[in-house]
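Just below is one structure, and these are the notes that go with it.
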Amino acid sequence: MKKSGIVKTVIIVVVLAAIVLTFFLFQGQKSGQQVQTDAVATVVQSVLMRNLEHNYPPTPKEVVKYYAEITECFYNEKYSDEELLLLAAKIQELYDAELVANKTQEQYIDDLKQDIVEMKQEGYTIASYEVSASTDVEYFTQDGYSCARLYCTFYLRKGGATGRAPSLERFLLRQDEDGHWKILGWELVDD
């Protein structure tokens, strides 16, 4: 009888150990799948996670850099319709109130969608971008506002081509009443 009790105890311990081991293995696989799922959408989500109320870019260069990051998302990444609207709202937070007032929200979204579709139909993506060095930012005063002018070069890639075509844009920013640099406008610069 003693041997029978010992055998039963050993079997119970082995079964319990197998259950515990299976549980931990299942949890590990589930966690690994979650990490992989999170990593797929990080580019758009990380851009959207920035809280501009508490972490607004402190310099004109940083404002244009964040603008370029959002622009890369528009043309390079996959996103839902809801994420497109969130990206559009986020980029408009960088715009001066005067620039935002030029179009209704509906017009802005329609124009943005059309521009994205045209770029994608032509097979263009943004390979990279380069914002002017901080020492190259031109500061000046106009109509009582502190303003800044700087450049950003977007390097466009068409299809699977290895070459990059530069697209130079000049940005004009001005400080709002809170001291935040806001994009007043930009234009394509011909070489």
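The values are calculated or read from the model by the stated rules, or taken from the named source; none is laboratory data. Just so you know, these numbers come straight off a predicted model, no measurement behind them. Cβ atoms come from the backbone with ideal geometry, glycine included; neighbour counts cover every protein chain shown. These accessible areas exclude ligands, DNA and RNA; they are computed on the full protein's heavy atoms, side chains included. Shrake-Rupley method; radii C 1.70, N 1.55, O 1.52, S 1.80 Å.
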Practice task
Could you pull out the residue among 172, 156, 184 that is farther than 24 Å from residue 52 by Cα, open to solvent by less than 90 Å² (accessible area, probe 1.4 Å) and assigned to a strand (DSSP E or B)?
Solution key: 156
Practice task
Would you mention how many residues in the range 114-138 are over 28 Å from residue 60 (Cβ atoms) and either open to solvent by 60 Å² or more (accessible area, probe 1.4 Å) or touching a Leu at 6+ places or on another chain (Cβ under 9 Å) (or both)?
Solution key: 6
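Matching residues to (1) among the hydroxyl-bearing types (Ser, Thr, Tyr); (2) in contact with a helix residue (DSSP H, G or I) (Cβ under 7 Å, 6 or more places away or on another chain):
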position	(1), (2)
58	no, no
67	yes, yes
73	no, yes
76	no, no
89	no, no
97	no, no
Completion exercise
Per the list (1) under 17 Å from the mean Cα position of the chain (by Cα); (2) within 20 Å of residue 62 (Cβ to Cβ); (3) open to solvent by 60 Å² or more (accessible area, probe 1.4 Å); (4) free of Cβ contacts under 8 Å to residues at least 40 places away in the same chain, residue check on residue 151 breaks on (1)
Problem - Any chance residue 27 is modelled with pLDDT under 90 and surrounded by 10 or more Cβ atoms within 10 Å (Cβ to Cβ) - result: yes
Problem - Among the candidates 190, 143, 111, residue that is open to solvent by less than 90 Å² (accessible area, probe 1.4 Å), among the acidic types (Asp, Glu), more than 15 Å from residue 60 (Cα to Cα) and out of contact with any Cys (no Cβ under 7 Å at 6 or more places or on another chain) - result: 111
Practice task
Kindly establish whether residue 120 is at pLDDT 95 or above and either under 20 Å from the mean Cα position of the chain (by Cα) or of a type in the set (Val, Ile, Thr) (or both).
Solution key: no
Fill in the blank from the handout: Subset of the range 134-148, residues touching a residue at least 12 places away in the same chain (Cβ under 8 Å) and either touching a Gly at 6+ places or on another chain (Cβ under 7 Å) or not in a strand (DSSP E or B) (or both), comes to 134, 136, 137
Practice task
Within the range 78-101, count every residue that is surrounded by fewer than 15 Cβ atoms within 10 Å (Cβ to Cβ) and either closer than 18 Å to residue 154 by Cβ or in contact (Cβ under 8 Å) with a residue 40 or more places away in the chain (or both).
Solution key: 2
Handout entry: Which listed residue is assigned to a loop (DSSP other than H, G, I, E, B), hydrophobic (A, V, I, L, M, F, W, C) and farther than 22 Å from residue 128 by Cβ, from 52, 99, 86
Key = 52
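Okay, residues lined up against (1) at positive phi; (2) at pLDDT below 95; (3) among the polar types (S, T, N, Q):
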position: 3; (1), (2), (3): no, yes, no
position: 9; (1), (2), (3): no, yes, yes
position: 16; (1), (2), (3): no, yes, no
position: 22; (1), (2), (3): no, yes, yes
position: 91; (1), (2), (3): no, no, no
Exercise for the section: Kindly check whether there is at least one residue in the range 66-74 that is in contact with a strand residue (DSSP E or B) (Cβ under 6 Å, 6 or more places away or on another chain), within 18 Å of residue 174 (Cα to Cα) and surrounded by 11 or more Cβ atoms within 10 Å (Cβ to Cβ). Expected result: yes
